[in-house]
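Visitor: Let me begin by handing over the structure; questions about it come next.
The values are calculated or read from the model by the stated rules, or taken from the named source; none is laboratory data. From a predicted model like this one, the values you see are computed outputs, not experimental measurements. Here the Cβ positions follow ideal geometry from the backbone for every residue, glycine too, while neighbour counts run over all protein chains shown. All accessible areas refer to the heavy atoms of the entire protein, side chains included, with ligands and DNA or RNA removed. Shrake-Rupley method; radii C 1.70, N 1.55, O 1.52, S 1.80 Å.
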Amino acid sequence: MTAREICRLDATETARRIADRDVSAVEVAQAHLDRIAALDGDYNAFLHVDADGALAQAKRVDAGEVSGPLAGVPLALKDVIVTKGVPTTAGSRILEGWVPPYDATIVERMREAGIVVLGKTNMDEFAMGSSTEHSGYGPAHNPWGLDRTPGGSGGGSSAAVAGFLAPLAIGTDTGGSIRQPAAVTGTVGIKPTYGGVSRYGLIAFSSSLDQAGPCARTVLDAALLHEVIGGHDARDSTSI
């Protein structure tokens, strides 16, 4: 398969091809990293690309150390979710250079499931916005038209999925910040039931409303990602 063909696959098909050894998880990760390097100057979807971490996780999948229905599938992670050893800024210069000492619960669960996190995506500063125009690192752009918004606050995640930089992404939704970006980029975005996905490690905007949730190109892909990140977490007092 060519790199372009790999990047056009949805998450379910990507996982199947990896499981069948038609393509390696490392090849899949590298194809997406190369596409990010080539195109993200236009999209500004990513604030930080963790190439070393992504390839290391992909090697674990190829070695059979981690497995699951989405093992080896790349994902773009909204930069409001903390990641051990990887910068987390919430789209703000205030947190520029901050490297968290722990992973959010959903990040732990994705790593255990073999999902490959490519990096952290652009967003309105501290999730306060609906267009990703209010990022401390410049606006994100809609791959369908670079003069248009990819929505917000998680426009980097929706732009990454729509632009084939990643088949999956995580956004967060307080009043529409997963659903609205999905609507304007032609992708699938779901706000899970409050308490259905752990908020441990999510930098809060409004703790009584915030929820992390999946962004994808198909409903099935979104459902499979929700299966990975959902469920009770004793570290989140509002978890159900």
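Visitor: Does the range 70-91 hold any residues that are in a strand (DSSP E or B) and either hydroxyl-bearing (S, T, Y) or open to solvent by 40 Å² or more (accessible area, probe 1.4 Å) (or both), and which are they?
Guide: Within the range 70-91, just T83 meets the criteria.
Visitor: Sort out which residues of the range 133-153 are closer than 24 Å to P74 by Cβ, in contact with a helix residue (DSSP H, G or I) (Cβ under 9 Å, 6 or more places away or on another chain), touching a residue at least 40 places away in the same chain (Cβ under 8 Å) and assigned to a loop (DSSP other than H, G, I, E, B), and write them in order of number.
Guide: Result: S135, Y137, P139, A140, H141, P143, W144, L146, P150, S153.
Visitor: Condition test on A204, is it in contact with an Asp or Glu (Cβ under 8 Å, 6 or more places away or on another chain), surrounded by fewer than 19 Cβ atoms within 10 Å (Cβ to Cβ) and either without any contact (Cβ under 8 Å) to a residue 60 or more places away in the chain or under 25 Å from N142 (Cβ atoms) (or both)?
Guide: Spelling it out, A204 is indeed in contact with an Asp or Glu (Cβ under 8 Å, 6 or more places away or on another chain), surrounded by fewer than 19 Cβ atoms within 10 Å (Cβ to Cβ) and either without any contact (Cβ under 8 Å) to a residue 60 or more places away in the chain or under 25 Å from N142 (Cβ atoms) (or both).
Visitor: Here is a further query. Could you list, ordered by first residue, the pairs with Cβ atoms under 9 Å in which the first is in the range 171-191 and without any contact (Cβ under 8 Å) to a residue 40 or more places away in the chain and the second is open to solvent by less than 30 Å² (accessible area, probe 1.4 Å) and among the acidic types (D, E), at least 6 apart or interchain?
Guide: R179/D173; V188/D221; G189/D173; I190/D173; K191/D173
Visitor: Another one. Does V28 satisfy the criteria of being open to solvent by 50 Å² or more (accessible area, probe 1.4 Å), among the β-branched types (V, I, T) and within 22 Å of R111 (Cβ to Cβ)?
Guide: no
Visitor: Sticking with this structure for a sec: List pairs: first in the range 94-105 and farther than 13 Å from I203 by Cβ, second among the hydroxyl-bearing types (S, T, Y) and open to solvent by 70 Å² or more (accessible area, probe 1.4 Å), Cβ under 6 Å, 6+ apart or cross-chain?
Guide: Final answer for the pair search is T105/Y200.
Visitor: Identify, please: which residue in the range 207-232 is part of a loop (DSSP other than H, G, I, E, B) and open to solvent by 10 Å² or more (accessible area, probe 1.4 Å) and is, among those, nearest to T187 (Cα to Cα)?
Guide: R217
Visitor: Pick out the one residue from R4, R35 that is open to solvent by 10 Å² or more (accessible area, probe 1.4 Å) and in contact with a Leu (Cβ under 6 Å, 6 or more places away or on another chain).
Guide: R35
Visitor: A follow-up question, please. Filter the range 38-53 down to residues that are charged (D, E, K, R) and over 20 Å from N142 (Cβ atoms) and give me whichever is most open to solvent (accessible area, probe 1.4 Å).
Guide: D52
Visitor: Test V82 against the stated conditions and say whether it is under 16 Å from the mean Cα position of the chain (by Cα) and under 16 Å from F164 (Cβ atoms).
Guide: Answer is no for this residue.
Visitor: Then there is this: Restricting the range 92-122 to residues that are assigned to a helix (DSSP H, G or I) and over 16 Å from the mean Cα position of the chain (by Cα), which is nearest to E227 (Cα to Cα)?
Guide: L95
Visitor: Quick check: anything in the range 57-69 open to solvent by 50 Å² or more (accessible area, probe 1.4 Å), under 18 Å from A223 (Cα atoms) and among the hydroxyl-bearing types (S, T, Y)?
Guide: yes
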